[in-house]
Amino acid sequence: MRQVLNWQCSHCGLHFTTWSKRERKFCSISCRSNSRKISQNEAWGKVSEKFWDRVDVRLPDDCWLWTGSKSHGYGNMRVGYETVRAHRIAWELHNREKLGDRMACHKCDVPLCCNPGHIYAGDILTNSRDMDDRGRRTGAALKGESSSGAILKEEDVRDIRHSTQLPEELEARYGISARQIKNIIKRRAWRHLV
């Protein structure tokens, strides 16, 4: 007959029983994972020193480039169990407040820059407008022939819309499907073009 053993959870203090002779420190998987997490305040207290060691600090008006790990052109750093963008950490350390749902936006257009004077807090709309104003938006977000995936020119789209030929006849000429030609004619595609 197996022996029932009594234990006390190291995280929540709950008394629990098991059949296993192996020592159990936690009553559940949840308590085990919560005990391993460093509180965010403890983690942020240690971040400042590590963070500034990885930044090439120069003159106040220059870009201070991140020298640590990078992803998609931006600097990254682990804070506890979370990976945070380096420029976001720079803003939060400098301003001594959390951004929360706001974004850390660059004034200088240099993704690796961590100079707090070059970073401002904004929302998604502000950041998107800033990208558009400075011509930094790339890929699928661009419209028309500015998009990297564009096959047609605006002139081709106008020709398709004014053509009397069937979409099936136009597909070989323009190198796109008849369905896409129908979408252009019905203004489901290239809507921005009048």
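Remarks
- Unmet requirement for residue 115, which otherwise passes all of (1) surrounded by fewer than 16 Cβ atoms within 10 Å (Cβ to Cβ); (2) more than 30 Å from residue 147 (Cβ to Cβ); (3) among the polar types (S, T, N, Q): (1)
- Filtering the stretch 88-99 for residues that are assigned by TED's automatic domain parsing to the domain that holds residue 47, among the β-branched types (Val, Ile, Thr) and closer than 22 Å to residue 130 by Cα leaves a non-empty set.
- Meets criteria (surrounded by fewer than 12 Cβ atoms within 10 Å (Cβ to Cβ) and under 30 Å from residue 97 (Cβ atoms)) for residue 188: no
- Lone unmet requirement of (1) closer than 19 Å to residue 105 by Cα; (2) small (Gly, Ala, Ser); (3) part of a helix (DSSP H, G or I) for residue 48: (1)
Residue-wise test of (1) modelled with pLDDT under 90; (2) on the phi < 0 side of the Ramachandran plot; (3) in contact with a strand residue (DSSP E or B) (Cβ under 8 Å, 6 or more places away or on another chain).
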position: 113; (1), (2), (3): no, yes, yes
position: 121; (1), (2), (3): no, yes, yes
position: 139; (1), (2), (3): yes, no, no
position: 145; (1), (2), (3): yes, yes, no
position: 154; (1), (2), (3): no, yes, no
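- For residue 25: the one exception among (1) of a type outside the set (S, T, N, Q); (2) at pLDDT below 80; (3) closer than 30 Å to residue 5 by Cβ: (2)
- Total residues in the stretch 73-83, condition part of a loop (DSSP other than H, G, I, E, B) and surrounded by 13 or more Cβ atoms within 10 Å (Cβ to Cβ): 1
- Candidate set from the stretch 94-112 (those that are under 16 Å from residue 60 (Cα atoms) and of a type in the set (A, V, I, L, M)); member that is surrounded by the fewest Cβ atoms within 10 Å (Cβ to Cβ): 110
The values are calculated or read from the model by the stated rules, or taken from the named source; none is laboratory data. Model, not experiment: these values are computed from the prediction. FYI the Cβ positions are ideal-geometry reconstructions off the backbone, even for glycines, and counts take in every protein chain you see.
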